[in-house]
Amino acid sequence: MRLILLGPPGAGKGTQAARLVEKFGIPQLSTGDMLRAAVKAGTPVGLQAKAVMEAGGLVSDEIVVGIIAGRIQEADASKGFILDGFPRTVAQAEALDRMLNEKAMQLDAVVELKVDENALLSRIEKRAAETIAAGGTVRADDNPEAFKTRLEAYRAQTAPVSAYYASKGELTVVDGMQPIEVVSAALDQALPG
Ligand code: AMP
């Protein structure tokens, strides 16, 4: 199962990806998680990405495409993967198509979680509050200012990715404003088998 989850920050991609990891036994490939790990480890990629991530902007296509190209070749991804937070630009989607073609791999589903923008900020605030309550560290970009930039990046650069897959007849849109179990059921219906 090779699946892409699309949707703005706070749409519930991470929640659904975690559930599907359990269900299918395939890894969640979150470029955001991988970049945060690189920042924490102070790798060259991390050093390059840190400031732009904290401000809520997008890291270069070259960096994230490089990360994903390596990651999908690892052994645990041989039976499939869930892409969460990638592709975020049409150039990334095209690069992914080329990578998959080269390996004679196909996508099984591209699902967009559609949510009302007005609900997103409160979802992000809730995520930050829950993280604090659990004794964790709030993401550096989970604040209203960076969030505004993330939403702008989504509108300008990532919304066209949905159009890209829709034009190829590959996109399924799921209403992400419904209760989690209803979203889960709708998403499961969009997946083959
Ligand atoms: P996320 O955890 O998916 O919300 O990603 C957090 C941040 O990492 C984003 O705001 C971007 O700065 C960066 N990032 C993650 N994935 C990508 C991507 N595919 N392209 C560019 N930047 C990304």
*asked:* Starting from the 7 Å offset along Cα-to-Cβ, what nm value, one decimal, do you get for the label separation of residue 22 and residue 43?
replied: 2.9 nm
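From the square roots a ≥ b ≥ c of the eigenvalues of the alpha-carbon gyration tensor of the stretch 2-190, which class results: rounded (a/c under 1.5), prolate (a/b over b/c), or oblate?
Rounded.
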*Under a point spin-label approximation (7 Å from Cα along Cα-to-Cβ), what is the residue 173-residue 129 distance to one decimal in nm?*
3.0 nm
*For residue 112, list long-range residues whose amide hydrogen, built 1.01 Å from N in the peptide plane, is under 5 Å from its own amide hydrogen.*
6, 172, 173, 174
*Residues in the stretch 55-73 that a label on residue 156 would reach, taking backbone N under 15 Å of a point 7 Å out along Cα→Cβ*: 55-61
*Given 103/168; 23/168; 13/79; 13/168; 23/148; 23/50, which pairs have Cα atoms separated by over 25 Å?*
23/168; 23/148; 23/50
*asked:* Residues of the stretch 40-75 with backbone nitrogen within less than 17 Å of a virtual label 7 Å along the Cα-to-Cβ line of residue 94, please, listed as ranges.
replied: 60-66
_What is the sum of charges, Lys and Arg at +1 and Asp and Glu at -1, for the other residues whose Cβ falls under 11 Å from the Cβ of residue 138?_
-2
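Bear in mind these aren't lab numbers, they're just calculated from the coordinates by the rules spelled out. Just so it is clear, the structure is predicted and the values come from calculations on it, not from any experiment. With ideal geometry, Cβ positions are generated from the backbone for all residues, glycine too; neighbour counts draw on all protein chains shown.
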